[in-house]
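Q: This is the structure, below, for whatever I ask next.
The numbers here are math on the coordinates, done by the rules we state, and not lab data. Computed from a prediction, not measured in an experiment: that's the story for all the values here. Cβ atoms come from the backbone with ideal geometry, glycine included; neighbour counts cover every protein chain shown.
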Amino acid sequence: MKKKKQISPTVQPKQKAKVKAKAKPKPVPSTPSDVEYQQLFDTCTITTAKLAEVDKIIDDKVVANRGRYEDIATMVQGGAMLDQQQTFSTSSLFRSRPLFNAFSTTAQRQLANPVPQVPEPLFQQLSPRAPALSLNFKPPSNPLGLGYMCQLGGDISLVGNGRIPWYFIACVHYLECSFSFKKHLHNGDPLTGYTVQVPAGRPKVGHPPPFTFEESAVDALKLMGFDKVTSWKLPFILRKLEAYNGFGYFKYHNMNSPYLWSYSNHYTKGKYVKDGKFDKDAVSAQLGSAVILKRMEERGLIFIPRF
C-alpha cells in the first residue's frame, strides 16, 4: 500500500499585533462658550459693599458721557464726521449736546439721525422722572426672562443694524483709559502723540498729533473690525471685552477674568500684575466691565439681547 503523501499545512504569515491608535487629546477651548458667558452673566451677583461705588461710576462716567459714545458709534457705522457747530441727538435724554469734528475733509456732512425703535414720547409715558436708584431698586423683568427691560424708553440696543452699542464703547473706555478723554482708546497712551504700545503708530487719520478722542476712538474700533459686526449679542460683547485683556485667566488658570467679573461672586482673587506675571493672591481693584453691564440692566438703563 502506498503511503498517503502528507501535505504540509499552509503556513500563514505572522500577523503584526494591532497597535491601538492613541486617542487625540480633546482640544481645550481658548475662550468660554456662548452658553458659559450667558450663565455667568445671569448668575452674577454684585458684591453688596461695592454697589454704591458701581452706581457712582455708572452715573458719573458711563451715563454722563453717553452722548459722546453714541456719536462715536454713529461715526464708526457711517464712516463720516460730525459737525462741531451743529447738534443732534439719538435720545430724548441728550438734547443740544456738542458734536465733535473728528475728521478733516473738504466735503463734510452730518450723519442722519437713526430712527429709534420706540418713539421718544414713550419715555414720558414709561417714566416721567428717573427711577429711584436706591441699592434695592429692582425693575420688572421682561416676559421672556432675558433680563430687565429698559425703563428709559427706546434704549434697547439696535443690534440688528450693526451699530456698536454705546455701553460697549463706555466699558472699553473704562478698561483702557479709566474714562480719561485724553488717552487713546487703543491702549491708553496719551492723545498728544501716536500710540507707542501695541498697536503702535495709531491712529491713521491723515494728520499729525495731537488727536481728538473721537477720531482716535473711531480708528481703534475700526482697527478691531467692529464696523463690520452685524449683531451685538451678550456673549459676543463679553468675549470682545475680555479679549482686550486676553484669555490667560481662562486658558492657564481656569478662573474667571477680573477684567469682566471683579466686584462680583464670580471673582475672588488672582491677577496678572504685569505682562506674563500672575499672582494667585493679588486682588483686582478695578471694577469688572461685565459687572457694569449687569448693574445697568438691573437698574433698567439698558437691555442686552441674548440670542
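Q: For segment 172-307, what is the per residue volume of the convex hull drawn over the alpha-carbon atoms, in cubic angstrom? Before the final figure, lay out each step's value.
A: On the way: hull volume 17.3 nm³, N = 136.
Each residue corresponds to 127 Å³ of Cα convex hull volume.
Q: Just subtract the alpha-carbon distance of Phe278 and Thr230 from 0.36 nm times their residue separation and send over the number in nm, one decimal.
A: Numbers: separation 48, 0.36 × 48 = 17.28 nm, distance 3.57 nm.
Computed gain between Phe278 and Thr230 is 13.7 nm.
Q: So for each of 289-301, 30-42 I average, over its residues, the number of other beta carbons within 10 Å; can you give me the resulting order with the highest mean first?
A: Details: 289-301: 24.1, 30-42: 15.6.
Packing order, densest peptide first, comes out as 289-301, 30-42.
Q: Under a cut-off of 20 Å between alpha-carbon atoms, report the aspartates and glutamates in cross-link reach of Lys233, not counting same-chain residues fewer than 8 places apart.
A: In chain and number order, the partners are Asp34, Glu36, Asp42, Glu70, Asp155, Glu242, Glu297, Glu298.
Q: Mind scanning Lys22/Lys277; Lys50/Lys280; Lys183/Lys228; Lys240/Lys274; Lys182/Lys222; Lys183/Lys274 and naming the pairs with a C-alpha gap bigger than 28 Å? Don't skip to the end; give the middle numbers.
A: Working: Lys22/Lys277 35 Å; Lys50/Lys280 22 Å; Lys183/Lys228 24 Å; Lys240/Lys274 21 Å; Lys182/Lys222 19 Å; Lys183/Lys274 20 Å.
Correct reply: Lys22/Lys277.
Q: Against the empirical 2.2 N^0.38 Å scaling, what ratio does the C-alpha Rg of segment 225-264 come to? Could the numbers behind the result be given before it?
A: On the way: Rg = 11.6 Å, N = 40, 2.2 N^0.38 = 8.9 Å.
Taking N as the residue count of segment 225-264, the ratio is 1.30.
Q: Counting only other residues whose beta carbon sits under 13 Å from that of Ala220, what net charge do I get with K and R as +1, D and E as -1? Write down the numbers at each step before the final one.
A: On the way: positive: Lys183, Arg202, Lys204, Lys222, Lys240; negative: Glu176, Asp189, Glu214, Glu215, Asp219, Asp227.
That works out to -1.
Q: Based on the mean of other beta carbon atoms within 10 Å per residue, what is the order of 181-194, 45-58, most packed first? Before the final figure, lay out each step's value.
A: Numbers: 181-194: 18.1, 45-58: 14.8.
The most tightly packed comes first, giving 181-194, 45-58.
Q: Relative to the present Cα-Cα distance, how much length would full extension add between Phe181 and Thr47 at 0.36 nm per residue of separation? Don't skip to the end; give the middle numbers.
A: On the way: separation 134, 0.36 × 134 = 48.24 nm, distance 2.86 nm.
Gain on stretching Phe181 to Thr47: 45.4 nm.
Q: For the pair Val205/Thr192, report the inter-label distance in nm, with labels modelled 7 Å from Cα in the Cβ direction.
A: 1.7
Q: How large are Rg and Dmax for segment 245-307 when only the alpha carbon atoms are used, in Å?
A: When restricted to the Cα atoms of segment 245-307, Rg and Dmax are 13.1, 39 Å.
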